[in-house]
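The values are calculated or read from the model by the stated rules, or taken from the named source; none is laboratory data. Quantities reported herein were computed from a predicted structural model and do not represent experimental measurements. Because the Cβ atoms are built from the backbone with ideal geometry, glycine has one as well, and the counts that use them run over all protein chains shown. Heavy atoms of the whole protein, side chains included, go into the accessibility calculation; ligands, DNA and RNA do not. Shrake-Rupley method; radii C 1.70, N 1.55, O 1.52, S 1.80 Å.
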Amino acid sequence: MGNETKSNGASSLGGGGGGFRAKMEHYVYSGEKKHVLAGIGIFTVIFGIPWYLMNRGSNNHRSHQDYMEKADKARKARLSSSPSPSSDNQIHAVNDPLTQGFPCPYKHNSAMSEPVAQSFGLCLLGFILKGFYEILEAMGMASMNSSGESLKLCVFDLRRGQNEGQELDKILFFYPPDVTFSTQLSVIGLSEGLITFTRLFSPEAACEVIEAERHSHVFHEAEPDIWMVMVVEKNKEIEAIWRVDALQKVLKEVHSLFVMFHGSIRSLLDKEPSGGLIRSHLYPFITDYLNDLSVGKKLQLPSFRETLKERGTVQMLTLARDAALEVQSLVGVLDSCAGTLRCHSVILFHDLLVSTTLSPDDTVDLFTFSVMRLTSNALSSGTSSWSYLRKGTSLSQTSSKSTSPQLLVSSDSLPSGNGHDAGRVIRPLQHNKWIKGKDGFLVTDIWGKDATPTIWLHQRQERVHLLAYQQKCLTLVLLVPTEAIVNGELDISFVKHQVIENATAKILKVEEKLSKGWGGENAYHVSGYRYLLVDNDMEVSRASPSGKVATLAKETLLAVNKLRETVDTEKSRTKEEKDMEICIRAKNNAWAIARVTRGKELYMALEKASDTLLDATDSVQSFSNRYCNGTFSMD
Amino acid sequence: MPSSSQTSVGSGALSHAYIQNPSLRCNVPESRGLFYDDANRLLICVTSSQVFSWETATFNPDVSPSVDSIPEGPILSIRFSLDKKAIAVQRSDCEIQFFHRETKQTLTHKCRAGSESILGFFWSDSPLCDLAVVKTSGMDLFACDSAMNLRLVETKKVNVNWYIYTHESRLVLLASGLQCKTITGFQLSTAGVVRLPKFEMTLATTESNSKPIISPGDVHLITVYGRIYCLQVDMEAMLLHTYRFYRDAVVQQGSLPIYSSKLSVSVVDNLLLVHQIDAKVVIIYDLFVDSRAPVSAPLPLLWRGYQGSDTSSQQENEGTESSTSNENIVMYEEAWTFLVPDLILDQTNKVLWRVHLDLEAISASSSDRSSLLEFLQRRKLEANKAKQLCLGIARTLILERRPATQVTQAIDVLVTAYSYSVKAGIYKELKNEKTTATTPTNDGASPDNERGRASGSSIDEEEVEMNLPSGSADEQQESQLSSPAISPDELYKFVFASVEEAMVEESDYLVAIITEFLRSISAEKLKVDLNIYVMTVRLLAHSKRFAELSLFTTNKIIEPSKEVALQLLESGGQNLRVRKLGLDMLRQLSLHHEYISSLVQDGYYLEALRYAQKRKVTSVRSSLFLEAAFASNDMQHLAAILRVLSELIPGFKETSEYYTFHGLLNETSSSVAV
């Protein structure tokens, strides 16, 4: 089946110049200005990159007719050659010695053989999209290329603006904010069209990504009918190679952070159906968030260089048992700081999580926010007012001063008095707004003078007050249920007093214990390995320190990036957890290895040119045994 | 009869210390006096020619006295030698007579009449001497051979007005000076004779009495926790000064208030009982802690009719009451003599009482739980009762949902006390109970050990470890436990496990407490019954704190074990992540059989079989895999499993299972082919 697959892939893709991919449904489409192609196919990992590079330049015009013929041919070939049609596509990357006899390290691709109806659909899609593009061009969509921004990000609500002339109502957020409405509408119109169309075939999960020749459209349905779309420009620079999943994670992250502070978008829309409220919240929030991604004057999206990182996960500090017991003892004290109602707490040391009493989802959100704004590292980066580069990360944040004229719509200019309680919009992600008070608690005026921040806990569906306490590198985030705070700031100061009274000794002890065991930034470096370990169940990841990952050759990183993409695709296809193993030999003879087993993933780059496949798998084996309790030992 | 369940005599039913029937009766006709030999713990009653002696160490009221005949004559004091072979009787202030009990040999020792007089004498077990005679001119130390020949070994020249000596401290204090406040002390321990630095006692002066004089009755030597203290009454200041003896120093350590013009002291279970005789109350102090605050409020000493405080013995109480009430017990009457350390001799009724502590009453009246637990953990006499009380207190603290910090403190106290007693070798597991009973932990009972241990029992720089009188060893036998220390296992069993059911709705709180408990025992490097981990998993899962459960597991706060893994699997019924934790734990513990069975149960039969193949595990029923594969309707898998199994299990091809499934496979595949 593998051979057949490749030929199919080639035949269907051969017609396409660039290739555009709807991830879930695997529509392949080439977005040349005049011609639209739709098809199905998957890159083979091995041939994908060279093939892609080879074809990059050749954007020859091909007629639509041409494509239709080829697609039809391919379809017939598939139908005739597959003896037992299976409804879903399987990548036999699963290392299963029982059925295959010998571990097969290479990933085989097989094209799906979809029902005939879908082929019709695809033809239809071609027409529709062609129409779209013509409209778009007329509306000036094509001018996107010339605009200085390489990123567009929009949030829109499909339930709004259904009538002609009210289309603008859909738009809840658009970045960059200075583009014309017509451009905004064209982006959103295209996205909406694609969503509507792909929903015909996959009502549950519409498209996730469209790869056009010069742009990638990344979709994320943040809430039912509320979509976030990111349009990123593919430029000639090699840095602009990214993983769709990583981009999607950016969208997910900004949304879940938003929900944590403001509640769901839908709830804000319901509160004020005119949409003014949600818009006034989304604009500053997302722009503040994007500020973190900007380097100089450009936004830097997570590229392949960050392929050994996983956004939306928590990085944990490994604790010895006695330290863990001290920490839990402290957690116990924090739990009871507000009387009978149990408080939640999240404890961080440097930028690593030490303990949490929240669900994994809430933990990730709060962890992300804490690392962005609260931890000692986050605070100290704000103290030197001219250098905002975060140490040890390639991600850097730029001063809001220098970028705000460019990026940020100042909150004053936003519509105010639109029903929001305070009449002003809170910007939780504002930079340099947290300082450490004398009593050790972190204070901010973001929520107003002497006001305590509140956040929304997803799992428990409750609003809690957020108190942050810092002792050197130890950051404690205490979440006090709002019911426990009856008398406002009076009760807050009581809780603070309780913390200082009851927990100080334990905090000092924990801080001392953790500092003693602190291995520094490279604590989790394993020499010879560059790895990423993800536990999807707990939403926890651990990776080689970024300084060490930076020593990898570009080819290696690209190979790992490709590998991760493959695993992403495979994962999104099968609901049930599967074991799989993929090994790739990169151009520079490095090994990129992925092992996935029951919710846990291990990605690894081994840059030892002399290693054979057996050496490489042995290395993974010993890594698994030593650092992962043998989780990935698959033989 | 008071409403209290106990028959009692006293001004009120509440009390923390009591004396109880049966008492030791020493009513001998024609008695001419009662004496107490504290070295041998003998109560001695003399008639004109006979000496009756009762062992008080065991305090058995039915014990019959041993009788010795001695020649008639006045008896100022009488003491048996330490081997009880001889009786020494002070006849006058210049004559001591010795009688050998077996050979009836008699020897008389006299001092120079006129120039000096004998104040008293005592036997010693110091290697240097066997007998010390205190005279106004000093102290003579004599060695005594088996033929009772006295040989003067050494003379300590001091002017002596009076002296006091207790055998348990081996310490003699010689008072000199006009006010008798200059004290010279010697310890005649087994290590030799140690001279203590001379020290002056504190005496307040008032206008009316500018030169008060200390009388021997004002000074008490007590031994608590192996430390020797001297208590001195200062009537003018109404204070009881305490002095602690170190090897090279005597340090005054605060004073206790006095509420009575007459007072005496007893020591029960290392606690100081100050009898305020006029006020007819007793105040209990624990000198272990720095605070000089009393353990409990002043309450009268109580008389109880019957041993044992439970109400079930009420009927018997009344029976005995009639006989004792005839004796007309009057608390703290003039004729009471307080004997070292915890006896009271009622000269009128000729009975001997032992003072007991009511630990229950003390613990009921104390509000500070953690210091109460510390207090109870220091009790040795009624170790079992103290232990039960401690367990009860710990349980109540949790059930009453006291603040976690309080409970933590209490648990810390118990765990540290246990750890200390294990290190000190006092604590023995319950299973060793029999050996504990036969060879009491206080080895002082056997003479050899006494020598060995006693060598270290001289007055030390820091802590003076004294030999407790051998009698206390017997008392320990009674309670069977030498220490109220509670092992972590017992804490789990009698505290945590027993409150689990009641606290299941407040598992957050209980988990916090258990965490503190685990922290405490980990700090002391102790181990605990792994069922507590199973319980923790259960509680965390009950309150759906899955994130924390996985934190607890990954950080090994919950130590991995088969039981924990199985509980994780069970609790994982609600949460797949938790189930995975259990599976991971099984794999890490190399519990292949359970791991494979669980994998198959979850439908991961291929993974399970692969694992079985790799680890060569054949204990799992092969039909499990086959049935799972057959149920999944994947004939390719079924075939693969058949093949692997026939490689894995020798002779598998001959089993009926193979035939069954092979047949099924053939059928299905042929039908496909058709």
Of the conditions (1) crowded, with 21+ Cβ neighbours inside 10 Å; (2) closer than 26 Å to B:S137 by Cα, B:R91 fails just one. Which one is it?
(1)
Test of understanding: among A:T597, A:T569, A:T617, which residue is touching a Lys or Arg at 6+ places or on another chain (Cβ under 8 Å) and either more than 23 Å from B:Y604 (Cβ to Cβ) or not hydrophobic (A, V, I, L, M, F, W, C) (or both)?
A:T569
Taking strands (runs of 3 or more DSSP E) that do not extend beyond the stretch B:173-282, which have at least 1 residues that are under 20 Å from B:L339 (Cα atoms)?
B:219-224, B:227-234, B:239-245, B:263-268, B:271-276
The one condition in (1) modelled with pLDDT of 85 or more; (2) more than 22 Å from B:E95 (Cα to Cα) that B:I78 fails to fulfil
(2)
Which members of the stretch B:127-145 meet the condition of being assigned to a loop (DSSP other than H, G, I, E, B), free of Cβ contacts under 8 Å to residues at least 40 places away in the same chain and under 18 Å from B:K85 (Cα atoms)?
B:D145
For the stretch B:89-106: of the residues being part of a strand (DSSP E or B) and charged (D, E, K, R), which is farthest from B:C45 (Cα to Cα)?
B:E95
Within the stretch B:592-636, residues part of a loop (DSSP other than H, G, I, E, B), open to solvent by less than 40 Å² (accessible area, probe 1.4 Å) and more than 11 Å from chain A (Cβ to nearest Cβ) come out as B:V617, B:V620
For the structure I just gave you, tell me whether A:A320 is over 22 Å from A:D365 (Cβ atoms) and crowded, with 23+ Cβ neighbours inside 10 Å.
no
The one condition in (1) surrounded by 21 or more Cβ atoms within 10 Å (Cβ to Cβ); (2) at pLDDT below 90; (3) within 20 Å of A:T631 (Cβ to Cβ) that B:M585 fails to fulfil
(2)
From B:A523, B:A547, B:A512, B:A502, which residue is within 24 Å of A:V331 (Cα to Cα), open to solvent by 10 Å² or more (accessible area, probe 1.4 Å), away from chain A (no Cβ under 12 Å) and among the small types (G, A, S)?
B:A502
Extreme residue, most open to solvent (accessible area, probe 1.4 Å), among residues of the stretch A:342-384 that are among the charged types (D, E, K, R) and within 14 Å of chain B (Cβ to nearest Cβ)
A:D361
Taking the options A:I278, A:I265, A:I286, A:I241, name whichever one is open to solvent by less than 20 Å² (accessible area, probe 1.4 Å), closer than 30 Å to A:L558 by Cβ and hydrophobic (A, V, I, L, M, F, W, C).
A:I286
Could you look through the stretch B:358-381, keep only residues that are in a loop (DSSP other than H, G, I, E, B) and at pLDDT 85 or above, and pick out the one that is farthest from B:H16 (Cα to Cα)?
B:R378
Which of the residues that make up the stretch A:305-335 are within 14 Å of another protein chain (Cβ to nearest Cβ) and not in a helix (DSSP H, G or I)?
A:T313, A:V314, A:Q315, A:M316, A:L317, A:T318, A:L319, A:A320
Within the stretch B:384-392, can one find any residue that is at pLDDT 85 or above, open to solvent by 30 Å² or more (accessible area, probe 1.4 Å) and in contact with a strand residue (DSSP E or B) (Cβ under 9 Å, 6 or more places away or on another chain)?
no
If you scan the stretch A:602-635, which residues turn out to be charged (D, E, K, R) and within 14 Å of chain B (Cβ to nearest Cβ)?
A:R626, A:D635
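Yes or no, residue by residue, for (1) outside the structural domain of A:D365 (by TED's automatic domain parsing); (2) open to solvent by 50 Å² or more (accessible area, probe 1.4 Å); (3) within 18 Å of the chain's Cα centre (by Cα); (4) not aromatic (F, W, Y):
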| position | (1), (2), (3), (4) |
| --- | --- |
| A:I492 | no, no, no, yes |
| A:E501 | no, yes, no, yes |
| A:S544 | yes, no, no, yes |
| A:K575 | yes, yes, no, yes |
| A:K578 | yes, yes, no, yes |
Consider A:A505 against the criteria (1) within 14 Å of chain B (Cβ to nearest Cβ); (2) in contact with a strand residue (DSSP E or B) (Cβ under 9 Å, 6 or more places away or on another chain); (3) surrounded by fewer than 22 Cβ atoms within 10 Å (Cβ to Cβ); (4) part of a helix (DSSP H, G or I): it satisfies all of them except one. Which criterion is unmet?
(2)
What's the number of the only condition in (1) at pLDDT below 85; (2) touching a strand residue (DSSP E or B) at 6+ places or on another chain (Cβ under 6 Å) that B:Q90 fails to meet?
(1)
Are there any pairs, at least 6 apart or on different chains, whose C-beta atoms fall under 7 Å, with the first in the stretch B:567-580 and facing chain A (nearest Cβ under 10 Å) and touching a residue at least 24 places away in the same chain (Cβ under 8 Å) and the second basic (K, R) and surrounded by fewer than 22 Cβ atoms within 10 Å (Cβ to Cβ), and if so, which?
none
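Quick grid of which residues meet (1) modelled with pLDDT under 90; (2) farther than 26 Å from A:N625 by Cα; (3) charged (D, E, K, R):
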{"position": "A:N487", "(1), (2), (3)": "yes, yes, no"}
{"position": "A:L490", "(1), (2), (3)": "yes, yes, no"}
{"position": "A:T504", "(1), (2), (3)": "no, yes, no"}
{"position": "A:I507", "(1), (2), (3)": "no, yes, no"}
{"position": "A:E511", "(1), (2), (3)": "no, yes, yes"}
{"position": "A:S515", "(1), (2), (3)": "no, yes, no"}
{"position": "A:G519", "(1), (2), (3)": "yes, no, no"}
{"position": "A:P545", "(1), (2), (3)": "no, no, no"}
Exactly one of (1) open to solvent by 40 Å² or more (accessible area, probe 1.4 Å); (2) at pLDDT below 90; (3) farther than 24 Å from B:S590 by Cβ; (4) in a helix (DSSP H, G or I) is unmet by A:N625. Its number?
(3)
Enumeration of residues in the stretch B:66-78 that are open to solvent by 40 Å² or more (accessible area, probe 1.4 Å) and under 38 Å from the mean Cα position of the chain (by Cα)
B:S66, B:V67
From the options B:S479, B:S543, residue that is modelled with pLDDT under 90 and within 29 Å of B:R579 (Cβ to Cβ):
B:S543
When the residues of the stretch B:364-390 are filtered to those that are of a type in the set (A, V, I, L, M), out of contact with any Ser or Thr (no Cβ under 6 Å at 6 or more places or on another chain) and over 17 Å from B:S482 (Cβ atoms), which remaining residue is nearest to the other protein chains (Cβ to nearest Cβ)?
B:L373
Might you let me know whether the stretch A:544-563 holds any residue that is β-branched (V, I, T) and within 27 Å of A:V354 (Cβ to Cβ)?
yes
